[in-house]
Amino acid sequence: MAIDVSHPRPFVQRPWTSLDGDWEFSLDEEAAFTQPDQPPFDRRISVPFAPETPASGIAAEGFVQHCWYRRTIDVSPAAEGERILLHFNGVDRLAEVWVDGHHVSHHVGGYRPFTVDITAHAAPGAQVVVRASDDAGDLGVPRGKQDWQETPHAVWYPRTTGIWKTVWIERVNETRLDDVTWTSDVGAMTVTLRASIAGPTTDGLQLSVRLEAHGRTLVDDTIGVTDRTVERTFPVGDLGVDDRFLLVWWPARPTLFDADLRLELDGRTIDQVSSYTALRTVSVVDGQFLLNGRPYPLRLVLDQGYWPATGATPPDVDALRRDIELTKALGFNGARKHQKVEDPRYFALADQMGLLTWVEMPSAYRPGPRTAHALLDEWRDVVEAHRNHPSVVTWVPVNESWGVPDCEHDPQQRALLTALRDTTDAIDGTRPVSTNDGWETVGGSIVGIHDYDQDASVIAGRYADAGAVDHLLRGRRSDGKTADLDQAPAGGRAIVLSEFGGIALSTDTGDTAVSLGGDAWGYDNADSPDELLRRYREQWAAVHASASLAGACWTQLTDTYQEVNGLLRADRTPKADLDEMRAATRGR
């Protein structure tokens, strides 16, 4: 039961058919068309690359407010008891879907997947038509780093409109496993499965569960299905030293349990799903981030997740694998995926390759009830989609008060932060939350601080010990914002310097002056690779010397459009010696 990291839904894997590739396409700048037979479909686009990207074949400039996609599918009609499902892993931001002229879906939200049952209309030669709409000027909905100005400025990048993740088809049994949720307890050496059943149920339905690791069967059990949700906790291992060593997931030894799940009726398998899980727990205790009950200093890198030709969409699975390999080669044990919800295959690879990850909600920027509704609605689904991954160790619902700029004084904005944190805990509850990472912390067990001071001695003094951090949290930042709205001592919370560094090479910017408005910039510049390496060493040495930090996150992994402060260029070539940077990251 080998894990297929190329599958677009890692935890519910069945045979699938990709619809990525060549589609007919129309731009609809004036929103002139409302029905699937109206657009001219006078262009071709390569899905899943957004029309703004070169890889799409469109390379659209300016604002793409509305666009249309069309593709003929070759799928035989469903047999009795079968359903045909059309999956979209990401369409930004509004999607209307038709199959053979029949409207089958209205979807809102660019960062969550959705599924359409097209059984009634699926046939050889059926046409799928998608209308995607994305208001470039709408700051009241989640948009992450997508710029609202026509030309990217400061820290914002080109827009991502329409289909930007894999589209695929699945043929399933009417009665089937609809969703699978895994949790684990390292102390008790147990794994808990919660499986949701879709379709009609009947007496005699059973769920067979088999877990394997290292060629050994850990669980082989059959459960009677009496409800639409089946939940069962399984002991794994013998609680001995050897099993605790071999079976627990660590970045250096990322043991995964292959899972085979079968719905059976009268001795027949009516649905079979491949999945996986792991023994892994995370927590925060006495200011320390704990992995599997042990202190584990976080050495993270900020990862924007963009590529020059393909934008926010990875070129392929190998590109995701290469980014993780480079992240680890630079000495990092984790990545903070910043202001985007990455392809699910990235997290499956991180599970397999052993890399900790933070999942962050792309921000909205205009406060108000509409923003609150949009964030709460979509963030819930983002958490649900990622809560199975052992590599995911922290949730970040808001970054730097984006969307809640007056949360210190506005009770509604502060209530939104609290609601996002509580929603996260209600849906998952097994990982720490950095509620408003970087600025104006409200609750959560992680206090993320963003500090781009370039003087390593200042960084060393500012985070030297608990007393220094308490002084920082109770005071105001240089921009006048309160660092910690709770005004609580650091105490049991984990303090993470969750953005620092940001040094560019002047050879890349063409100017030693730092500018947020220029074509290329960094938070500061180094004149040569040697100077970049020296300053990188000094800043990480300040972090390693701290008695109060549970971890730190360097800005950033790669150059991204005009933001050229990556350790790697956009083509993933390193700016300084890789081995030397790894040694500095690890504190050697």
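The values are calculated or read from the model by the stated rules, or taken from the named source; none is laboratory data. Here the structure is a predicted model, which means the values were calculated and not measured. So basically every Cβ, Gly included, is an ideal-geometry build from the backbone, and we count neighbours across all protein chains shown. The area values use the complete protein model at the heavy-atom level, side chains included, leaving out ligands, DNA and RNA. Shrake-Rupley method; radii C 1.70, N 1.55, O 1.52, S 1.80 Å.
Give me the percent of the accessible area of the chain that comes from carbon and sulfur atoms, probe 1.4 Å, all protein chains in place.
47
Report the local net charge at Val396: Lys and Arg +1, Asp and Glu -1, summed over other residues whose C-beta lies under 10 Å from its C-beta. List each step's numbers first, then the result.
Details: positive: Arg336, Lys337; negative: Glu360, Asp437.
Residues close to Val396 contribute a combined charge of 0.
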How much solvent-accessible surface does Met581 expose, in Å² to the nearest 10, with a 1.4 Å probe and all protein chains in place? 0
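If you place +1 on the Cβ of every Lys and Arg, -1 on the Cβ of every Asp and Glu, and leave all else neutral, what size is the dipole of segment 208-351 about its Cα centre, to the nearest 20 Debye?
Numbers: 18 positive and 22 negative charges, 121 e Å.
Here the size comes out at about 580 debye.
For the ranges 569-579, 188-198, what's the packing order if you count other beta-carbon atoms within 10 Å of each residue, average per peptide, and put the highest first?
On the way: 569-579: 15.4, 188-198: 18.2.
Ranked by mean Cβ neighbours within 10 Å, highest first: 188-198, 569-579.
Normalising by the residue count of the chain, find the relative contact order in percent from Cα pairs under 8 Å and 6+ residues apart. Before the final figure, lay out each step's value.
Working: 1454 pairs, mean separation 72.4, N = 588.
Reported relative contact order: 12 percent.
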Report the Cα centroid-to-centroid distance between segment 292-364 and segment 465-504 in angstrom, as an integer. 25
Mind checking which lysines have their C-alpha under 20 Å from Lys145, skipping anything on the same chain fewer than 8 residues away? Lys165, Lys337, Lys340
Indicate, rounded to the nearest 5 percent, the antiparallel portion of the DSSP beta bridges found entirely in segment 426-528. 10
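Quick one: accessible area per residue over segment 49-159, 1.4 Å probe, rounded to a whole number of Å²? Could the numbers behind the result be given before it?
Numbers: 3970 Å² over 111 residues.
Result: 36 Å² per residue.
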Could you tell me the distance between the Cα centroids of segment 211-287 and segment 74-122, to the nearest Å? 31
Please enumerate, by chain and number, the lysines with C-alpha under 20 Å from the C-alpha of Lys575, excluding those fewer than 8 residues away in the same chain. Lys328
Within the chain, the percent of DSSP beta bridges that are antiparallel, given to the nearest 5, stands at 75
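Excluding Arg280 itself, calculate the net charge of residues whose Cβ lies under 13 Å from the Cβ of Arg280, where each Lys or Arg counts +1 and each Asp or Glu counts -1.
Details: positive: Arg244, Arg253, Arg294, Arg387, Arg431; negative: Asp185, Asp351.
In short, +3.
Write down the accessible area per residue of segment 204-254 in Å², having rolled a 1.4 Å probe over the full set of protein chains.
About 55 Å² of surface per residue is accessible.
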Projecting each Cα onto the charge dipole of the chain (Lys/Arg +1, Asp/Glu -1 at the beta carbon, about the Cα centre), which of Pro200, Val108, Phe63 comes out farthest on the positive side? Pro200
For Phe49, net neighbour charge (Lys/Arg +1, Asp/Glu -1) across residues whose Cβ lies under 14 Å away: -2
Just how far, in whole angstrom, is segment 418-436 from segment 9-38 if you go by their alpha carbon centroids? 33
How would Asp377, Asp303 rank on accessible area, largest to smallest, probe 1.4 Å? Asp377, Asp303
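So if a site counts as exposed when it's one of the GluC sites (Glu not before Pro), its DSSP state isn't H, G, I, E or B, and it has at most 14 other Cβ atoms within 10 Å, what's the longest stretch of the chain without one?
Values: sites that count: Glu29, Glu30, Glu61, Glu80, Glu150.
Maximal segment without exposed cleavage sites: 151-588.
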